[in-house]
Amino acid sequence: MRIFVSGGAGYIGSVAVDHMIAAGYEVMVYDSLYMGHREALSAQAEFVEGDLADRRLLHDTMRGFAPEGIMHFASHTLVGESVEKPFLYLGENTQNAINLIEGAIESGAKRFILSSTANLFDEPERIPIGPEERIVPGSPYGESKYFIERLLHWANVTKGLRFAALRYFNAAGCTERLGEDHTPETHLIPLILQVALGQREEIRVFGNDYDTPDGSCVRDYVHVEDLASAHRLALEKLETEERLFYNLGNGNGFSVLEVIEAARRVTGHSIPTAMAGRRAGDPAVLIADSSKIKRELGWEPRYPTIESIVESAWAWHSKHPDGYASGC
Ligand code: UDP
């Protein structure tokens, strides 16, 4: 089956591409390399350097490739940035998704997998958070993903495009070949590992007065390879289903301080901390109830512990201290 992957040179997209190729799929990556890395491209995937905003190039490319499935990773993804630049997110994320969905329909694709987010659930009534939880986007970023879920709903109703919305909790970890390399880096685990590498003096803990056991925020960290396998399973399930909504996490929450503690054990470094104020837009606790995807698709995370996730990240970051620029 031919799969067209937007953002296939990015952190999660590149891991999904490797996973799909290993499973025998034919993959084309479409990526502007605005955030993605040429080094992360799979040698076995076709690659077109292009922006989703370039409708003509996008649609011509999609028509030529005639994909059966689409995976949509390319997006602005930072909650904090989205609060500062709401219309970048509400505008570009949404318009780029419209361009891709139109391209999917025009080129005859039947299945679409969206990278959605836990940021849809800012006021959960139940924790862990299941896919039926009331949707209250926590930021313009979350709202943009909700818009796209709704676009897909209407693409399904009016044009028969089948879709799965996968709401990731905290994507983390690395594979042997592929890692997390953002500029600027804002995510907790790579920042902690920069301290262990001697590139940063300390890690700032954003808030120690939350209503959690140790006062720091609790998150559900899920390995990127586990996210990739969920994409494949959802794509396969769309052979018979019209619309799927799944929340993806390990089902275990770890506080910022617990993640730092795990990194101390894995790296052997003392990792000094500094207490800092709360970061705008951060809810206290986000833990996924992934029982629906486990039950319906037989998905089972292969990295259920925070140690195993941090270990995989440490293996990559210690080999690539400057990210992909390290060149190995
Ligand atoms: N965090 C922190 N210090 C940092 C970066 C992140 O305390 O330097 C916290 C952040 O407030 C959140 C958790 O770590 O509670 C995970 O943040 P990250 O940015 O990795 O992912 P997000 O939850 O925003 O998707």
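The values are calculated or read from the model by the stated rules, or taken from the named source; none is laboratory data. Quick caveat: nothing in here was measured; it's all calculated off a predicted structure. Positions of Cβ are backbone-derived with ideal geometry, glycine not excepted, and every protein chain shown enters the neighbour counts. Accessible surface is based on the protein model in full, side chains and every heavy atom, while ligands, DNA and RNA are left aside. Shrake-Rupley method; radii C 1.70, N 1.55, O 1.52, S 1.80 Å.
Checked against the criterion of being buried (at least 19 other Cβ atoms within 10 Å of the Cβ) and either at pLDDT below 95 or assigned to a strand (DSSP E or B) (or both), the candidates V83, V29, V15 yield just one match: V29.
When you scan the range 281-298, do you find a residue that is within 16 Å of the ligand (Cβ to nearest atom) and open to solvent by 40 Å² or more (accessible area, probe 1.4 Å), even just one? Looking for residues that are within 16 Å of the ligand (Cβ to nearest atom) and open to solvent by 40 Å² or more (accessible area, probe 1.4 Å), one finds none in the range 281-298, hence no.
Does the range 302-319 include one or more residues that are assigned to a strand (DSSP E or B) and open to solvent by 30 Å² or more (accessible area, probe 1.4 Å)? Checked the range 302-319: no residue is assigned to a strand (DSSP E or B) and open to solvent by 30 Å² or more (accessible area, probe 1.4 Å).
So the check is Cβ under 7 Å with 6+ separation or different chains; which pairs have a first residue in the range 256-285 that's within 17 Å of P213 (Cβ to Cβ) and a second one that's more than 13 Å from the ligand (Cβ to nearest atom)? Sorted first by the residue in the range 256-285, then by its partner, the pairs are A262/E307; A284/D211; V285/I127.
Note on the range 78-101: residues that are in contact with a helix residue (DSSP H, G or I) (Cβ under 7 Å, 6 or more places away or on another chain) and of a type outside the set (A, V, I, L, M, F, W, C) amount to 6. Screening G179, G198, G207, G215 for residues that are within 10 Å of the ligand (Cβ to nearest atom) and either of a type outside the set (S, T, Y) or touching a strand residue (DSSP E or B) at 6+ places or on another chain (Cβ under 7 Å) (or both) leaves exactly one candidate, G207. Residues in the range 48-79 that are touching a residue at least 24 places away in the same chain (Cβ under 8 Å), outside any loop (DSSP other than H, G, I, E, B) and either touching a Leu at 6+ places or on another chain (Cβ under 9 Å) or within 22 Å of A23 (Cα to Cα) (or both): L58, M62, F65, G69, I70, M71, H72.
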